[in-house]
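Below is one structure, written out as structure tokens, with a few remarks after it.
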Amino acid sequence: MFPELNDLLNASPDRAEPGKLTLLCDAETDGSFLVHHFLSFYLKANCKVCFVALVQSFSHYNIVGQKLGVSLTTARERGQLVFLEGLRSAVDIFFRAEGKAHPLQFLREAKAASLQPLYEFVREALEPVDQGEAAWKRPVLLVDDLSVLLSLGVGVVAVLDFIHYCRACVCCRLQGNIVALVHDSGDAEDEESDVLLNGLSHQSHLVLRAEGLATGFCRDVHGQVRRVGSILLGDGLLASVPESGSHVGKCCFKIGTWAAFPEAGWPPLLPLHSAGGALRRRAACARGRPGSSRLPCFSAF
């Protein structure tokens with residue numbers, strides 16, 4: 001996990017708040033490093049994690065997790081991690097008997113109208129364990145990412161219903177947390193993507209938005225992470241409120257082969273590696289000097 005993000009969120013594995021829905025959004029940049037952060041964060045917090053991975057393979061997440069100090073293989077063997085590998089399941093589902101239910105059953109349907117099998121998979125995975133098994137702090141659902149469901153033909157209403165039922169089960173009944181990634185295409189003609197993003201933003205207690213720099217390309221910084229919180233209006237309604245202050249709720253990040261900030265007095269960063277065309281990420285400390293006007297920065301690969 002990235003200590004700089006924990007500082008931004010004022011969070012740590014020892015005091016993770018329950019009952020929260022965190023929405024991760026990226027626009028004109030790759031925000032998947034946020035998924036790796038929360039995955040390692042909740043595994044280190046000794047939480048039971050159900051990870052619905054629709055983008056990358058298990059080996060990819062495991063390699064990145066090892067660089068962040070966690071082993072997904074060990075967590076899965078201990079029963080702490082329930083991993084749904086969408087890339088493999090998308091192939092296996094076509095060789096199963098039609099009578100057997102599958103979390104990604106909608107792939108076999110001519111019109112994907114319901115995600116109920118996927119919800120049932122999440123509910124069963126995060127139900128409290130028996131007394132003979134290890135007890136975890138709280139359940140966590142992690143989805144990477146929801147925009148893929150739209151690309152696979154699932155309607156935006158079905159995706160919003162899925163998150164609504166998961167909130168009722170995981171956040172309310174089980175007092176756990178949900179973290180989901182969604183893409184902001186920025187295309188005015190992509191109405192489904194806009195409806196999904198706006199609908200999830202209204203349901204979320206916290207929105208972390210990774211976006212490119214408004215000033216354009218920069219050699220030392222590739223983007224910024226902006227935090228948007230919510231306030232409770234009553235009857236379970238949430239209203240999104242941007243964090244106040246020029247620097248509060250923001251930090252910068254850099255993705256690349258090497259990360260270096262030339263300003264004197266900044267600690268050196270670790271080398272960043274890239275393999276297989278996939279970005280691998282690791283935090284490297286790059287804090288601004290006291291009194292500096294710079295945003296806090298971190299490196300991700």
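The values are calculated or read from the model by the stated rules, or taken from the named source; none is laboratory data. Computed from a prediction, not measured in an experiment: that's the story for all the values here. Neighbour counts run over all protein chains shown; Cβ positions are idealised from the backbone, glycine included. Keep in mind that these areas ignore ligands, DNA and RNA; they rest on the heavy atoms of the full protein, side chains included. Shrake-Rupley method; radii C 1.70, N 1.55, O 1.52, S 1.80 Å.
Any idea which of (1) touching a Gly at 6+ places or on another chain (Cβ under 7 Å); (2) at pLDDT below 85 is the one SER71 doesn't satisfy?
So SER71 meets the others, but not (2).
Pairs needed: first member in segment 161-185, farther than 16 Å from ALA125 by Cβ; second member anywhere, in a helix (DSSP H, G or I) and among the acidic types (Asp, Glu); C-beta distance under 9 Å; at least 6 residues apart or different chains.
Short answer, once both residue conditions are applied: ASP184/ASP194; SER185/ASP194.
Residue check: is GLU28 under 15 Å from LEU181 (Cα atoms), surrounded by fewer than 19 Cβ atoms within 10 Å (Cβ to Cβ) and at pLDDT below 95?
The answer is yes for GLU28.
Which condition from (1) touching a residue at least 60 places away in the same chain (Cβ under 8 Å); (2) over 27 Å from HIS202 (Cβ atoms); (3) in contact with a Lys or Arg (Cβ under 9 Å, 6 or more places away or on another chain) is the one that VAL82 breaks?
(1)
Give me a count of the residues in segment 59-74 that are open to solvent by 20 Å² or more (accessible area, probe 1.4 Å), touching a residue at least 12 places away in the same chain (Cβ under 8 Å) and small (Gly, Ala, Ser).
1
Applying the selection to segment 27-48, what residues are under 19 Å from VAL170 (Cβ atoms) and not in a helix (DSSP H, G or I)?
ALA45, ASN46, CYS47, LYS48
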